[in-house]
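Here the structure comes first, spelled out in structure tokens, and everything after it is commentary.
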Ligand code: NAP
């Protein structure tokens, strides 16, 4: 592969797919890893996270050869394009990477770059682990009961982006078709109307649910919950739930069962290695997350439900400054924090880099580098318990010391070095 304007680090090696397995990687001790710092606060948290990840990885005798690539504002400066081929090619070639947030100007005529990146690389699962770090302030009474991983479908539902603006010829054509040919005339008010289409496919649903179940089996999790609004949207959200149960019944053995089977055939008793698949209506699920937090483990969701639920769950364990995520496809992986580019704080060395660092931690786990991941987790926890934290956490704690983005990274690196 040749690149126009970025350099491939000459000393690093490629991550390859393990022979005969599309989902496992062969990881060298010095992999080349593409990184996008991102827009807005990405220029603060990107470099800070990179330094912390380096410290954790080097403490365990390995090295990451970073390959800086561009998207968003930085790409426009270098390439006159928001999402250059160099960047997409690097993520394809090197398989595992990390990105900071990218800005989507509201109403500026182009769709989200994040969505474009996820779609072009077919990163179909957006995975968000939500767990409590000791000492973290929280708006709920028992935040430590949260230990959940959300799998949000990343390519369809609202991310398909199929919609037409009110007043356009296209919107009128669709209205006419829906009202007259499909007999939904009574369902659409007169006057201007914007119309969207919500595709949810068997293929998209099944590969997402499969991924969630596989994760639950690998990590010894007890349940996978399908979160949908199938009581109202029977043929999209309801189908998501039906197809999820089909995967459960048809593709796994005795140790993956539905909640119905658990009660009908096993008196509600699940063996330790069994994953039970159940489902919840999305609005109920939002309150269940607050009232019965500890009952939820792995969630599998269509795109929009996953967006709302994972942000809300993130608030319970400290907020967007500490909420990590990753996008996964077959043989591809791009870590990214849940938060956006928070433009009002850009370049101030102020915001919390933990979300980006913890996203990098998911990446390290994906590479099989659990030891480096643990070192980094412990070092962040220590910083929080010592109350040396960025503004978002400091404002919720008594007697805490407020540090900036880069100073927080320094504190975490000190902790890594003294614990290694
Ligand atoms: P946002 O950038 O996530 O910021 C919302 C608020 O969250 C901030 O004002 C701040 O709250 C808090 N926050 C975010 N990151 C933080 C951090 N690292 N440390 C501490 N606090 C943090 O959401 P937005 O303002 O709605 O979106 C801004 C832009 O980002 C938009 O263009 C949006 O499309 C884009 N976006 C990109 C991604 C992505 O790249 N994956 C995701 C979401 C949004 P306080 O002001 O209360 O301190």
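Every number in this text was worked out from the coordinates using simple rules, so none of it is lab data. Keep in mind that what you see is a predicted model, and the values were worked out from it rather than measured. FYI the Cβ positions are ideal-geometry reconstructions off the backbone, even for glycines, and counts take in every protein chain you see.
Can you list the residues of region 276-294 with backbone N under 18 Å from a point 7 Å past the Cα of residue 249, pointing along Cα to Cβ?
276-280
Over region 18-130, what number does the Rg to Rh ratio reach, with both radii from the alpha-carbon atoms and Rh per Kirkwood?
Details: Rg = 15.2 Å, Rh = 15.4 Å.
Value, to two decimals: 0.98.
Given a Förster distance of 22 Å, report the FRET efficiency between residue 260 and residue 295 from their Cβ-Cβ distance, rounded to the nearest 0.05. Working shown, then result.
Numbers: r = 17 Å, r/R0 = 0.78.
About 0.80, to the nearest 0.05.
Counting pairs of alpha carbon atoms under 8 Å apart in space and at least six apart in sequence, what relative contact order in percent does the chain give?
On the way: 851 pairs, mean separation 92.8, N = 420.
The value is 22 percent.
log₁₀ I(q)/I(0) of the chain at q = 0.06, 0.07, 0.10, 0.11 Å⁻¹, via Debye over equal Cα point scatterers, no solvent, to two decimals?
Calculated log10 I(q)/I(0) at the listed q: -0.26, -0.36, -0.73, -0.88.
Could the peptides 139-150, 180-191 be put in order, highest first, of the mean number of other beta-carbon atoms found within 10 Å of their residues? Before the final figure, lay out each step's value.
On the way: 139-150: 17.3, 180-191: 9.0.
Packing proxy ranking, top to bottom: 139-150, 180-191.
With the cut-off at 1.5 for a/c, could you classify region 128-198 from its C-alpha gyration tensor as rounded, prolate or oblate?
Values: a/c = 3.87, a/b = 3.25, b/c = 1.19.
Prolate, because a/c is 1.5 or more and a/b exceeds b/c.
At what distance in angstrom do the alpha carbon centres of region 406-420 and region 367-401 lie from each other?
10
Taking the DSSP beta bridges in the chain as the whole, what percent of them are antiparallel, to the nearest 5?
Values: 19 of 47 bridges.
Taking every DSSP beta bridge within the chain, about 40 percent pair in antiparallel fashion.
Once Rh is set to the Kirkwood radius over Cα pairs, what Stokes-Einstein translational diffusion coefficient, in µm²/s, holds for region 275-338 at a temperature of 10 °C and a viscosity of 1.306 mPa s? Don't jump to the answer; show the numbers that get you there.
Working: Rh = 13.1 Å.
Result for D is 121 µm²/s.
Give me the log10 of I(q) over I(0) for region 208-355 at q = 0.14, 0.21, 0.22 Å⁻¹, as the Debye formula computes it from C-alpha points; what are the numbers?
So the normalised log intensities work out to -0.76, -1.41, -1.48.
Tell me whether region 327-420 comes out rounded, prolate or oblate; compute the Cα gyration tensor, take square roots of the eigenvalues as a ≥ b ≥ c, and use a/c under 1.5 as the rounded threshold.
It is oblate, given that a/c is not under 1.5 and a/b is not larger than b/c.
Based on the Cβ-Cβ distance from residue 417 to residue 11, what FRET efficiency comes out when R0 is 22 Å, to the nearest 0.05?
Computed FRET efficiency for residue 417 and residue 11 comes out at 0.40.
Report the label-to-label distance for residue 19 and residue 214 in nanometres (one decimal), using points 7 Å from each Cα along the Cα→Cβ vector.
2.0
Between residue 85 and residue 267, what FRET efficiency follows from the Cβ-Cβ distance if R0 is 60 Å, with the result rounded to 0.05? Mind showing how you got there, number by number?
Details: r = 57 Å, r/R0 = 0.96.
Once rounded, the FRET efficiency stands at 0.55.
Does region 23-63 come out rounded, prolate or oblate by the C-alpha gyration tensor, with a ≥ b ≥ c the root eigenvalues, rounded set by a/c under 1.5 and, if not, prolate when a/b is larger than b/c and oblate if not?
oblate
Quick one: which of 122-130, 213-221, 33-41 comes out on top by average Cβ neighbours within 10 Å, and what's the full order, highest first?
Working: 122-130: 23.7, 213-221: 16.4, 33-41: 25.7.
Going from most to least packed, we get 33-41, 122-130, 213-221.
Taking the highest mean first, how do the peptides 373-385, 1-13 order by number of other beta carbon atoms within 10 angstrom per residue?
On the way: 373-385: 20.5, 1-13: 12.1.
Ranked from most to least packed, the peptides come out as 373-385, 1-13.
Identify the residues of region 373-407 with backbone N under 14 Å of a label point that sits 7 angstrom from the Cα of residue 144 along the Cα-to-Cβ direction, or state none.
385
Report the per residue volume, in Å³, of the convex hull enclosing the C-alpha atoms of region 148-288.
On the way: hull volume 20.0 nm³, N = 141.
Considering the Cα atoms of region 148-288, their hull volume per residue is 142 Å³.
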